[in-house]
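Inspection log for the structure reproduced underneath, given as structure tokens.
The values are calculated or read from the model by the stated rules, or taken from the named source; none is laboratory data. Since this is a predicted model, take the numbers as computed values, not measurements. Every residue, glycine as well, gets a Cβ built from its backbone with ideal geometry; the counts of neighbours run over all protein chains shown.
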Amino acid sequence: MLLSALSYARFEAIIFDLGGVILNLDFSRLAKSFEKLGVTDFESRYSQYKQNPIFDKFETGKISEEEFRKKLNELLGTSLSSKLLDESWNSLLLDFPRERIELLQKLKLHKRIFLLSNTNSIHARHYEKQFYDSFGFPFRSLFEKVYYSFEIGDRKPNLSIFERVIQENQLLPHQTLFIDDTSTHTDAARLVGLHTLHLKGISINDIPMSTQL
């Protein structure tokens, strides 16, 4: 959907992605962090758009944190400690801009809002603590319900994860907006009838609120 034709007031419910939409990310920091530990080609194994199967398994909760760290060391040819691995793995996670959080708080007063994120337990523990330290309340409380891929064993762009959110919350797809910064995810969401916005070069704060709110 074009931004010029969009306002939050048009929808009864909004489903937000997390990384790149609410939480700032920097994938170059991830590669640089592992480079400092002696890994010179991390981006060939993991990036925003491609990843080794072990990352998919971790992101859908099919392997534990311990198994992930072991397999990551094997993949990288390293023997790094859990602490060093976690610190580097979390290095791509930046900040929660306050204006985005204030927008979500305002939207929640008038709309049903949800979170649907491909994420993993190490990342979630880090950014949820970071959020609480910054804002003084739990991150998940911003939303009616949070869907983390590692907790539900499914991930975008599988149609099943969108169908689950719709069915569990009795959403009407034609009255629901899904916002994500990855086009394959918004393409999939459209297949189940959701309105979508591929967020590229803009912020969720650029979407008009409308005087109806």
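Pick from LYS108, LYS200, LYS129, LYS145: which is among the basic types (Lys, Arg), surrounded by fewer than 16 Cβ atoms within 10 Å (Cβ to Cβ), assigned by TED's automatic domain parsing to the domain that holds LEU18 and modelled with pLDDT under 95? Full working, then the answer.
Values: LYS108 fails: modelled with pLDDT under 95; LYS129 fails: modelled with pLDDT under 95; LYS145 fails: modelled with pLDDT under 95.
None of the other options fit; the residue is LYS200.
Restricting attention to segment 150-160, which residues are more than 28 Å from HIS110 (Cβ to Cβ) and either of a type outside the set (D, E, K, R) or in a strand (DSSP E or B) (or both)?
First, the residues of segment 150-160 that are more than 28 Å from HIS110 (Cβ to Cβ): 150, 153-155, 157-160.
Result: PHE150, GLY153, PRO157, ASN158, LEU159, SER160.
If LYS50 passes every condition in (1) farther than 17 Å from LYS36 by Cβ; (2) at pLDDT 90 or above but one, which one does it miss?
Checking LYS50 against (1) farther than 17 Å from LYS36 by Cβ; (2) at pLDDT 90 or above, the one that fails is (2).
Quick one: how many residues across segment 156-195 are among the hydroxyl-bearing types (Ser, Thr, Tyr) and within 14 Å of ILE113 (Cα to Cα)?
1
Take segment 65-92 and flag every residue that is crowded, with 17+ Cβ neighbours inside 10 Å and either free of Cβ contacts under 8 Å to residues at least 24 places away in the same chain or not in a helix (DSSP H, G or I) (or both).
Those that are crowded, with 17+ Cβ neighbours inside 10 Å and either free of Cβ contacts under 8 Å to residues at least 24 places away in the same chain or not in a helix (DSSP H, G or I) (or both): ARG69, LYS71, LEU72, LEU80, LEU85.
In this structure, does SER88 turn out to be more than 15 Å from the chain's Cα centre (by Cα) and either farther than 30 Å from PRO208 by Cβ or not polar (S, T, N, Q) (or both)?
Yes, satisfied.
Quickly run through segment 182-191 and pick out the residues that are out of contact with any Lys or Arg (no Cβ under 6 Å at 6 or more places or on another chain) and crowded, with 20+ Cβ neighbours inside 10 Å.
Step one: of segment 182-191, the residues out of contact with any Lys or Arg (no Cβ under 6 Å at 6 or more places or on another chain) are 182-184, 186-191.
Once the filter is applied, which keeps residues that are out of contact with any Lys or Arg (no Cβ under 6 Å at 6 or more places or on another chain) and crowded, with 20+ Cβ neighbours inside 10 Å, segment 182-191 yields THR182, THR186, ALA188, ALA189.
Cβ-Cβ distance below 9 Å, separation of 6 or more or different chains: which pairs start in segment 115-129 with a residue that is over 21 Å from ASN158 (Cα atoms) and end on one that is at pLDDT 95 or above and assigned to a loop (DSSP other than H, G, I, E, B)?
Filtered contacts from segment 115-129: TYR127/LEU18; TYR127/PHE96; TYR127/THR119; GLU128/PRO138.
Name the one entry in LEU194, LEU115 that is crowded, with 20+ Cβ neighbours inside 10 Å and under 16 Å from the mean Cα position of the chain (by Cα).
LEU115
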